[in-house]
Amino acid sequence: MKPTSFAALAVATVLVLAVAIAAYGTQNRWSHAKVSGVALFPTLPAQSARIARIELKQGDKSLTLAREKDAWSLADRGGYPAKTDAVRALLVKLAQAELVEGKTSNKERYAQLELEEPAGKDAKSRLVRIVDDKGAPLAEAVVGKKRFDAFGASKGGTYVRKPGEAQTWLSNADLDVSLAVRDWVQPGLLDLAAAKIAKVTIEVPGEEPLVIERDGTDANKHKLASLPDGKKLKEGAGIDSIARAAGSIDLEDVRKPAAAGAGGEAGTAKIEADGGLAVTLKLRKEGEDYWATLEASGGEGEAKKSADEIAAKAQGWEFKIPAGKAQSILKRRADLVEAS
């Protein structure tokens, strides 16, 4: 082939490839669409120093984050420490959010975008208010559902509207506005590997205490102590799962014990772990909810360090934990041992 013919063929090949790529890009969501627009909150970046609180509401649920210098806390949960990084991430996204595409102005269609009035009983929308230390609003928006593929496979958006305005918008921001307490705090209260748990004593009012101890043949296995002669465990009794459940506790909500309402004692789990670490989990039941307090002590070294860490998180607080978790711990002998 002559050099001139080869060059011409090469140029033609490049042009065909370029056209193909362009065509593919227009027909596939991997292409990077233009996602800029008008700022949702144009003045928010300049007012960042004035931000004192973030108020979140959805139906009958509410959560308020309060700022104290560079730290954040849950103002309506007794000032429990919040994750500063999570709060900052929300503020940055709100400050950078842009209104890219106008959507419906028909109130009858708001619910399709989860932008109905947030005060409604079954509302899926969430109201976000950012206020200064005098309660004056700096920014306010109703946040709806996400559209994960709004601007291509790697770029999602969120539907929003401003209170009092009929127009709804698709923004280019991926807004996480959760009313779940665990999303704003460090949820882990206790995290003990089963292999480090030597004994768990379960005490339920009106019942004989259950003692679960580590199996000498396998550190990850536990057994029911003092199983009476002639008795056997029920199929699927799950002794190991009780120890694991007691050693791993996450919170769903938090409050000061003084805020506790009516309720009765549900039971206690006393955990003895390697190194002299001892943890006592006390549970109360209010309606269908379980609330827990934790106490910890340790000998020396790692056990004392762990006890101090648990105490720092738990002292002076009461935590709502998943009902299923509480029920997995508070077992009675009749739940585990076959009747005669």
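Only the coordinates and a few stated rules stand behind these numbers; no lab work does. In this text the structure is predicted, and so the values were computed from the model without any measurement. In this analysis, Cβ positions are derived from the backbone assuming ideal geometry, glycine residues included, and neighbour counts consider all displayed protein chains.
A few remarks follow.
- Computed over the chain, the per-residue total of -39500 (n - 2.57) for DSSP H runs of n ≥ 4 gives a 222 nm mean residue ellipticity of -6500 deg cm²/dmol, rounded to 500.
- Per-residue Cβ neighbour rank within 10 angstrom, fewest leading, Asp70, Asp132: Asp70, Asp132
- Pairs of alpha carbons in the stretch 69-210 separated by more than 21 Å make up 57% of all such pairs.
- Translational diffusion coefficient (Stokes-Einstein; Kirkwood radius from C-alpha pairs) of the stretch 153-225 at 37 °C, 0.692 mPa s, in µm²/s: 184 µm²/s
- Most fluctuating residue given options Ser62, Ser226, Ser125, as computed from a GNM of the chain linking Cα atoms under 10 Å: Ser226
- The packing ranking, built from the mean of other Cβ atoms within 10 Å per residue, places the peptides 201-208, 73-80, 244-251 in the order 244-251, 73-80, 201-208, highest first.
- Normalised by the number of residues in the stretch 38-181, the mean separation of alpha-carbon contacts (under 8 Å, six or more apart) gives a relative contact order of 27 percent.
- Rounded to whole numbers, the Karplus 3J(HN,Hα) couplings from phi for the stretch 164-173 are x, 10, 7, 5, 10, 9, 9, 9, 8, 9 Hz, using 6.51 cos²θ - 1.76 cosθ + 1.60 with θ = phi - 60°, and x at Gly and Pro.
- Set against the labelled values (1) 1.03; (2) 1.11; (3) 1.40, Cα Rg over 2.2 N^0.38 Å computed from this structure falls on (3).
- Under a model in which nothing but the beta-carbon of Lys, Arg (+1) and Asp, Glu (-1) is charged, the stretch 238-304 shows a dipole of about 240 debye around its Cα centre.
- Pairs beyond 24 Å (Cα-Cα), from Lys285/Lys325; Lys83/Lys199; Lys121/Lys313; Lys103/Lys134; Lys93/Lys145; Lys305/Lys325: Lys83/Lys199; Lys121/Lys313; Lys103/Lys134; Lys305/Lys325
- For the chain, modelled as a GNM whose springs connect Cα atoms under 10 angstrom apart, the maximal fluctuation among Asp174, Asp229, Asp85 occurs at Asp229.
- Shape of the stretch 261-323, Cα gyration tensor, a/c cut at 1.5: prolate
- Only one residue of Thr293, Gln327, Ala136 has its Cα farthest out toward the positive end of the dipole of the chain, where Lys and Arg carry +1 and Asp and Glu -1 on Cβ, and that residue is Ala136.
- Result for the chain in a Gaussian network model with C-alpha springs under 10 Å: among Glu252, Glu68, Glu265, the largest mean-square fluctuation is at Glu68.
- Amide H contacts under 5 Å for Glu286, placed H, 5+ residues apart: Trp291
- About the centre of its Cα atoms, the stretch 183-294 shows a dipole size close to 260 debye [charges on the beta carbon of Lys, Arg (+1) and Asp, Glu (-1) only; nearest 20 debye].
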